[in-house]
Structure formats: C-alpha cells, structure tokens
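Data block below; observations after.
The values are calculated or read from the model by the stated rules, or taken from the named source; none is laboratory data. Please read these numbers as outputs of a predicted model, since none were measured by experiment. Every residue, glycine among them, receives a Cβ derived from its backbone with ideal geometry; neighbour counts consider all protein chains shown. Side chains included, ligands, DNA and RNA excluded: accessible areas come from the protein's heavy atoms. Shrake-Rupley method; radii C 1.70, N 1.55, O 1.52, S 1.80 Å.
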Amino acid sequence: MIENYRWLAGVIAAHRHGRVAGRTRLQKEIKLLQRLGLPTRYRYTIHFYGPYSEGLHAELRMLESMELVTESEEISGQGKSYYVIEAKERAQLAEVEPFQPFIRQLEDTDAVVLELAATYDAFRQMGDDHERARTRLRRKKGTKCNEGREEQALQLLVDLGLSSTCGTSSAN
C-alpha cells in the first residue's frame with residue numbers, strides 16, 4: 001500500500017515542471033482528486049479558504065524534511081505572498097498516471113474557481129442540496145462568486161464527473 005505522503009509527492013511531481021503555485025491550490029486539488037479516486041485519506045474541514053486538511057499540511061512538511069519537495073515563498077504581481085511547492089525528481093510516482101488528465105485540468109483552472117468548486121463540493125458532501133450549497137458558498141466567498149466564477153466552478157465539477165445535478169444558470 002502506498003502511503004498518503006507518497007501520493008502527495010507524486011501528485012506534486014505530476015504537475016508541469018513538478019511545481020504547484022500555492023498551498024491553497026494544492027489543498028483544493030488533492031481534495032477534488034481524492035473525490036475522483038486518489039487513494040489518500042486526508043480529512044478535510046471547512047476553513048477560511050474552504051476545505052482544508054491539517055494532515056495534508058503536516059505531510060507537506062514531512063515531504064520537505066525527506067527532501068522530496070522544496071517550498072519557497074514568492075510575491076505575486078499584486079504584492080501578496082504565496083508558496084511554490086516543487087517536487088524533486090525522485091518524488092515521481094508511476095501510480096499517479098491515471099490521474100494525470102484530472103491533474104492537468106485542475107492545474108489549468110483559475111485558483112479562485114478551484115477554491116469555489118472545492119468549497120461547493122464540500123458543502124454538498126456535508127448533505128446540502130444544490131441551492132443550499134450555493135447559498136452557503138455565496139455567503140462564505142462573497143464577491144469571489146462574481147464575474148462568472150461560480151458558474152465556472154460548478155461547470156468544473158460537472159466536467160470532472162463530480163456533479164451531474166448542479167445546473168450552471170442562476171442570477172448572482
């Protein structure tokens with residue numbers, strides 16, 4: 001059996017250039033990949049930026065100490081700091097290959113749209129119906145839901161096969 005931390009390292013390595021730009025992005029990607037069958041057992045709670053796993057965060061620290069990944073702080077064009085996680089070549093894991101199309105799709109998704117999708121999905125997993133999950137999403141994320149991002153998030157979930165009942169049309 002492959003341990004969670006090896007899957008985590010393998011997913012990071014499977015990104016273009018073995019890089020993930022942002023801890024929040026990594027949290028949301030792993031959450032959705034887990035829903036798609038990635039055999040990790042991270043437990044998530046709703047946190048400031050949506051679903052968050054303390055276990056994943058701890059294992060990311062462990063990957064650094066094992067020298068499977070490095071993490072560096074960078075500054076965005078808007079002056080905000082974020083972390084870039086880079087996998088070492090030995091972090092690659094062949095068993096991640098079936099998840100590669102999903103990894104590419106998530107990697108190509110806008111960070112806010114990814115955050116919205118993972119948060120909405122978490123609300124649905126908690127038992128909320130579509131409308132209640134959207135209401136909670138809008139309450140929690142506010143203006144992040146504007147400019148078509150909420151609809152893009154819902155469409156991402158449909159495209160991933162994680163939702164077939166969430167229509168993408170509604171007034172903001």
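Select from segment 1-53 the residues that are under 23 Å from Glu97 (Cβ atoms), open to solvent by 60 Å² or more (accessible area, probe 1.4 Å), under 14 Å from the mean Cα position of the chain (by Cα) and without any contact (Cβ under 8 Å) to a residue 40 or more places away in the chain and list them in ascending order.
Scanning segment 1-53 gives no hits.
Consider Gln92 carefully, then state whether it is closer than 20 Å to Arg23 by Cα and within 15 Å of the chain's Cα centre (by Cα).
The answer is no for Gln92.
When you look at Gly142, is it more than 19 Å from Leu26 (Cα to Cα), of a type in the set (Gly, Ala, Ser) and not in a helix (DSSP H, G or I), yes or no?
So Gly142 does not fit the description; no.
For (1) outside any helix (DSSP H, G or I); (2) crowded, with 20+ Cβ neighbours inside 10 Å; (3) over 13 Å from the mean Cα position of the chain (by Cα), each residue gets a yes or a no:
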{"site": "Pro101", "(1), (2), (3)": "no, no, yes"}
{"site": "Gln105", "(1), (2), (3)": "no, no, no"}
{"site": "Asp121", "(1), (2), (3)": "no, yes, no"}
{"site": "Arg136", "(1), (2), (3)": "no, no, yes"}
{"site": "Ala153", "(1), (2), (3)": "no, yes, no"}
{"site": "Val158", "(1), (2), (3)": "no, no, yes"}
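Could you figure out which of (1) open to solvent by 40 Å² or more (accessible area, probe 1.4 Å); (2) over 29 Å from Met126 (Cα atoms); (3) among the hydrophobic types (A, V, I, L, M, F, W, C) isn't true of Leu93?
Against the list (1) open to solvent by 40 Å² or more (accessible area, probe 1.4 Å); (2) over 29 Å from Met126 (Cα atoms); (3) among the hydrophobic types (A, V, I, L, M, F, W, C), Leu93 comes up short only on (1).
Rundown of residues vs (1) hydrophobic (A, V, I, L, M, F, W, C); (2) touching a strand residue (DSSP E or B) at 6+ places or on another chain (Cβ under 7 Å); (3) at pLDDT 95 or above; (4) over 14 Å from Val20 (Cβ atoms), yes/no style:
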| position | (1), (2), (3), (4) |
| --- | --- |
| Ser65 | no, no, yes, yes |
| Glu86 | no, yes, yes, no |
| Leu106 | yes, no, yes, no |
| Thr109 | no, no, yes, no |
| Arg124 | no, no, yes, yes |
| Leu137 | yes, no, yes, yes |
| Asn146 | no, no, yes, yes |
| Gln155 | no, no, yes, yes |
| Ser164 | no, no, no, yes |
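Taking the conditions exactly as written (surrounded by 20 or more Cβ atoms within 10 Å (Cβ to Cβ) and touching a residue at least 12 places away in the same chain (Cβ under 8 Å)), does Leu63 satisfy them or not?
It is true that Leu63 is surrounded by 20 or more Cβ atoms within 10 Å (Cβ to Cβ) and touching a residue at least 12 places away in the same chain (Cβ under 8 Å).
Among the residues of segment 69-79, are any in contact (Cβ under 8 Å) with a residue 12 or more places away in the chain, assigned to a strand (DSSP E or B), open to solvent by 50 Å² or more (accessible area, probe 1.4 Å) and more than 26 Å from Leu116 (Cβ to Cβ)?
Within segment 69-79 (the criterion being in contact (Cβ under 8 Å) with a residue 12 or more places away in the chain, assigned to a strand (DSSP E or B), open to solvent by 50 Å² or more (accessible area, probe 1.4 Å) and more than 26 Å from Leu116 (Cβ to Cβ)), the answer is yes, since at least one residue qualifies.
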